1. What single numbered condition from (1) within 25 Å of the chain's Cα centre (by Cα); (2) of a type in the set (D, E); (3) at pLDDT below 85 fails to hold for E126?
2. Here is a list of conditions, (1) assigned to a loop (DSSP other than H, G, I, E, B); (2) touching a Gly at 6+ places or on another chain (Cβ under 6 Å), and G137 meets all of them except one; can you say which number that is?
3. I'd like the full set of residues that are among the hydrophobic types (A, V, I, L, M, F, W, C) and closer than 16 Å to S165 by Cβ, limited to region 32-48.
4. Could you pull out the residue among S110, S93, S58, S97 that is polar (S, T, N, Q) and at pLDDT 95 or above?
5. Which members of region 104-149 meet the condition of being among the small types (G, A, S) and buried (at least 18 other Cβ atoms within 10 Å of the Cβ)?
6. Keeping to region 186-220, report how many residues are among the aliphatic types (A, V, I, L, M) and exposed (fewer than 13 other Cβ atoms within 10 Å of the Cβ).
7. Looking at region 50-73, which of its residues are small (G, A, S), assigned to a helix (DSSP H, G or I) and out of contact with any helix residue (DSSP H, G or I) (no Cβ under 9 Å at 6 or more places or on another chain)?
8. Just one of the numbered conditions (1) more than 17 Å from the chain's Cα centre (by Cα); (2) surrounded by 13 or more Cβ atoms within 10 Å (Cβ to Cβ); (3) closer than 21 Å to V36 by Cβ is not true of L80; which one?
Amino acid sequence: MGRTHPASAVLLIDQKMIWNAVPGLLDGAGVTLGLVVGSVGVGMLLGAPIGVGHVYGSRAVRTGLWLFDRVFRGFPAIVLLFLAFFGAGQLLSVRISPFLAVILALGLRSAAYQGQIFRGALEMVERGQLEAARALGLSLPGTVRCVLLPQAARFALPALSNEYSVVLKDTALAFTVGVVDLMSRAKFLAMRSREVLVAYLLVAGVYFVLTYAGIALFRIVERAIAVPGLGSRRVRRSR
């Protein structure tokens, strides 16, 4: 009585190892969130001006943005990660950390998509808004900044929440350039415990929570800044 089967003992040890690894997984989740915030932030800082350039820029500006769009939407994310991490050192003689390389690659990729999001949102704003602001003496940059972009942001928010979830999933490739993120921790846990299925199910659960927590946050912001009559139309992100 009270004797434990050897296989059961190994299972108990592995389970204990997995639960002891939960803090490490949470640390990895923090790194992943940092990558997402940095990448989406870079994409947003560049995406809004890119969207404006697509709609109101000169022909030369639109051509340049078209090329930028084709490059960063046409390459797989993992290729951009390798180009940012290894290419910066070889072509520019600048060594950047894996963390910054991921933010640079995914941020520029996100900027290409967000540029299209803001482009569609700007085109949904009534043309009369631009004409009225110009008639009152506002310059085109002032009209875009003070009149058009605030309205376009409301149309863009649902698509931006989708962009957040896409970038979050793309960060799962960050371990390929040496970032110790959530996926890297999961790989280490799977190799150490040999409970591959359990390890990756845990990580899938963390990604699930991060995805829908972020989307819920975007929806809260969307409701907070909603204006009656402006919330029925939405811009969607297409791959």
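The values are calculated or read from the model by the stated rules, or taken from the named source; none is laboratory data. This is a predicted model, so every value here is computed, not measured. Cβ coordinates were reconstructed from backbone atoms using ideal geometry, including for glycine residues, and neighbour counts include every protein chain displayed.
1. (1) is the only condition that E126 fails.
2. So the condition that G137 fails would be (2).
3. Going through region 32-48, the residues among the hydrophobic types (A, V, I, L, M, F, W, C) turn out to be 33, 35-37, 40, 42, 44-46, 48.
Once the filter is applied, which keeps residues that are among the hydrophobic types (A, V, I, L, M, F, W, C) and closer than 16 Å to S165 by Cβ, region 32-48 yields L33, L35, V36, V37, V40, M44.
4. Numbers: S93 fails: at pLDDT 95 or above; S58 fails: at pLDDT 95 or above; S97 fails: at pLDDT 95 or above.
Checking each option against the conditions leaves just S110.
5. Within region 104-149, the subset among the small types (G, A, S) is 105, 107, 110-112, 115, 120-121, 128, 132-133, 135, 137, 139, 142.
A105, G107, S110, A111, A112, G115, G120, A121, A133 - these are the residues of region 104-149 that are among the small types (G, A, S) and buried (at least 18 other Cβ atoms within 10 Å of the Cβ).
6. Taking region 186-220 as the starting set, the residues that turn out to be among the aliphatic types (A, V, I, L, M) are 186, 189-191, 196-199, 201-204, 206, 209-210, 213, 215-217, 220.
Still in the list and also exposed (fewer than 13 other Cβ atoms within 10 Å of the Cβ): 191, 197, 201, 204, 209, 213, 216-217, 220.
Qualifying residue count for the region: 9.
7. First, pick out the residues of region 50-73 that are small (G, A, S): 51, 53, 57-58, 60, 64.
This time we only want the ones that are assigned to a helix (DSSP H, G or I), so: 51, 53, 60, 64.
Residue satisfying the conditions is A60 alone.
8. (1)
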